[in-house]
Amino acid sequence: MSDPFEDVEKFPNLNAARDALRERFRDGAFWRQEFDFVNRAPESVFTPAVSENSEILLFATPDGGAYPDRRVYFGPRGGVHIERC
């Protein structure tokens, strides 16, 4: 079993997380998407499995804490929303 914190990404701001979710959904099956990880080297990969049900959970610290601080998700009409948890 791998370390659960190995795949933690970092985003410079909330807009970058929102844009990442949108681009991974829209372009991920055709163009490589950038992942900037906290605990390992960055990667550029395809993301064909990102769907309208996908979300990004954001934590204030890289260790995750107990609960996410924000959730980035698709709304009912396809827009990307950010909400406090």
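The values are calculated or read from the model by the stated rules, or taken from the named source; none is laboratory data. Here the structure is a predicted model, which is why all the values come from computation and not from measurement. Virtual Cβ from ideal backbone geometry, glycine too; neighbours counted across all protein chains shown. Quick note on the areas: whole protein, heavy atoms, side chains included, nothing else; ligands and nucleic acids left out. Shrake-Rupley method; radii C 1.70, N 1.55, O 1.52, S 1.80 Å.
A few notes on this one:
- In a DSSP loop and with at most 14 other Cβ atoms within 10 Å, the GluC sites (Glu not before Pro) in the stretch 1-44 are Glu6.
- Per residue, the accessible area of the chain comes to 72 Å², computed with a 1.4 Å probe over protein heavy atoms only.
- In Å², nearest 10: area of Ser54 left accessible to a 1.4 Å probe: 30
- Taking 7 Å steps out from each Cα toward its Cβ at Ile82 and Leu14 produces label points 0.5 nm apart.
- If you take the Cα centroid of the stretch 40-78 and the Cα centroid of the stretch 7-23, the two points sit 7 Å apart.
- Percent carbon-and-sulfur accessible area, the stretch 14-84, ignoring ligands, DNA and RNA, probe 1.4 Å: 52
- Scalar couplings 3J(HN,Hα) for the stretch 16-32, obtained by applying the Karplus form with A = 6.51, B = -1.76, C = 1.60 to θ = phi - 60°, are 5, 5, 4, 5, 4, 5, 4, 5, 5, 6, 6, 10, x, 7, 10, 10, 5 Hz; x denotes Gly and Pro.
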